[in-house]
1. Could you list, in sequence order, the residues of the stretch 120-145 that are near the ligand (Cβ under 9 Å from one of its atoms) and touching an Asp or Glu at 6+ places or on another chain (Cβ under 6 Å)?
2. In the stretch 146-194, what residues are part of a loop (DSSP other than H, G, I, E, B), in contact with a strand residue (DSSP E or B) (Cβ under 8 Å, 6 or more places away or on another chain) and at pLDDT 90 or above?
3. Quick one: which residue in Gly255, Gly270 is open to solvent by 40 Å² or more (accessible area, probe 1.4 Å), modelled with pLDDT of 95 or more and within 14 Å of Val103 (Cβ to Cβ)?
4. Return the total of residues in the stretch 251-268 being away from the ligand (no atom under 13 Å from the Cβ) and at positive phi.
5. Considering only the stretch 392-425, state which residues are at pLDDT below 95 and part of a helix (DSSP H, G or I).
6. From (1) away from the ligand (no atom under 16 Å from the Cβ); (2) more than 24 Å from Val103 (Cα to Cα), pick out the condition that doesn't hold for Ala148.
7. Whether any residue in the stretch 3-17 is free of Cβ contacts under 8 Å to residues at least 60 places away in the same chain and in contact with a Lys or Arg (Cβ under 7 Å, 6 or more places away or on another chain) is what I want to check.
8. What's the total number of residues in the stretch 333-391 that are without any contact (Cβ under 8 Å) to a residue 24 or more places away in the chain, over 26 Å from Pro33 (Cα atoms), in a helix (DSSP H, G or I) and not β-branched (Val, Ile, Thr)?
Amino acid sequence: MTKSEALFERACKVIPGGVNSPVRAFGSIGGTPRMIRKADGTHMTDEDGNTYLDFVNSWGPMILGHNHPVIREAVVKACEDGLSYGAATAREVEMAELICSFVPNVDMVRMVNSGTEAVMSAIRTARGYTGRDKIVKFMGCYHGHSDALLVQAGSGVMTAGVPDSAGVPRGCTRDTLSAVYNDVSSVERLFEAFPEEIAAVIVEPVGANMGVVPPAPGFLEALRKLCDRYGAVLIFDEVITGFRLGFTGAQGYFGVDADLVTYGKIIGAGMPVGAYGGKREIMQKVAPVGPVYQAGTLSGNPVAMAAGLAQLTLLKEHPEVYTELNEKGAWFYGEVKKLVEASGLDAQTTSCGSLGCIFFTATPVCNYETAKTSDTGLYAKYFNHMLSHGIYLAPSQFEAMFLSAAHTREELQGVLDVMQEFFRR
Ligand SMILES: *Cc1c(COP(=O)(O)O)cnc(C)c1O
């Protein structure tokens, strides 16, 4: 038995499923999760001493690679001054100023501790601002695990949400309407049915939690127009895309402004951080200036802020990171596409910047329904082939590959070779 296996056995006795987040489980691909001991640059090392070239990158935060010395030093230095005060600090001000300086239409920002909290709070703010209750989300988009958002709703866009999870009362999802990603008419129909009741439309501007599903040309623009026409708040959930596609995230990448934006992952550089922000007029509804209550004992935690500030500052000092990362992504996923096509396998490749994905299906993927046609059994084989060659992918078909600035072309070429070996079989 390996150390990972022994630890996992212990873990299963005291942690549900042995993991602290279901996405870490190996249920869908077989085997037991590798217990990771440390990570540096592009590699992670498990408790048995195996090293892996990592494409999960903590699900996105490690855009500069693991254990960046500048970020580490900032954290260690912050620790010397104490771990938390529960009072206002200079670093929070700097963090908010930095985010607002990067993103022109974000005038104010509130720090929280996770992406889930950021989205939950943005929704509450949109409801408080509009005085409306209903929200529109897209099937297959993930916005954290708060009650109202745990809805994919299978049965057509007009049905009010049915919770996906046990423990979510129907009442919590009654006002959650589901639309089809990349299908503007599905959103139009909801606005026509509830013209004065929809507080917000929330969307992942690049779908990255059903595999990677980029927005079709015009999709985000159409959402902007519909929200303007009906007086609803447009929320971009940029927990993955924020500071990944560029400083201005998907908003800048696609040239569409949202009213509220949520962040997470990269802005914490690996610490538990989230944020929501947007137009002053809307953000001033938040307590203590406004009537929308939202709070957090550890929000804006000094150590977490030190990590996030260090990462964002590094990115600011090296703006070429984004050009290089997006070029590297275009090249790499382009090569993956070629391999897939040459293999004759029923598979689709999708990508946007440094995010990419292979869907094992003959159907072109543009939304949740089409993503779900994937052969997850074949993904499991692919995953295990890659893992046995020291390449750590997400243990699920429906997740993205995250390239970091640290990945070298040589490493990526090596990955392509291992992929090719799999596709040839
Ligand atoms: C990860 C993620 C979240 C949730 O963030 P947590 O920090 O895990 O709570 C929300 N929205 C999107 C788009 C995400 O990818």
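The values are calculated or read from the model by the stated rules, or taken from the named source; none is laboratory data. Not measured: the values here are computed from a predicted model. With ideal geometry, Cβ positions are generated from the backbone for all residues, glycine too; neighbour counts draw on all protein chains shown. These area figures cover heavy atoms from the full protein model, side chains too; ligands, DNA and RNA do not enter into them. Shrake-Rupley method; radii C 1.70, N 1.55, O 1.52, S 1.80 Å.
1. Listed by number, the residues that qualify are Cys141, His143.
2. Arg174, Asp175, Val180, Tyr181, Asn182, Phe194
3. One residue alone meets the criteria, Gly255.
4. Total meeting the criteria: 1.
5. Phe423, Arg424
6. Looking at each condition in turn, Ala148 falls short on (1).
7. yes
8. Of the residues in the stretch 333-391, 5 are without any contact (Cβ under 8 Å) to a residue 24 or more places away in the chain, over 26 Å from Pro33 (Cα atoms), in a helix (DSSP H, G or I) and not β-branched (Val, Ile, Thr).
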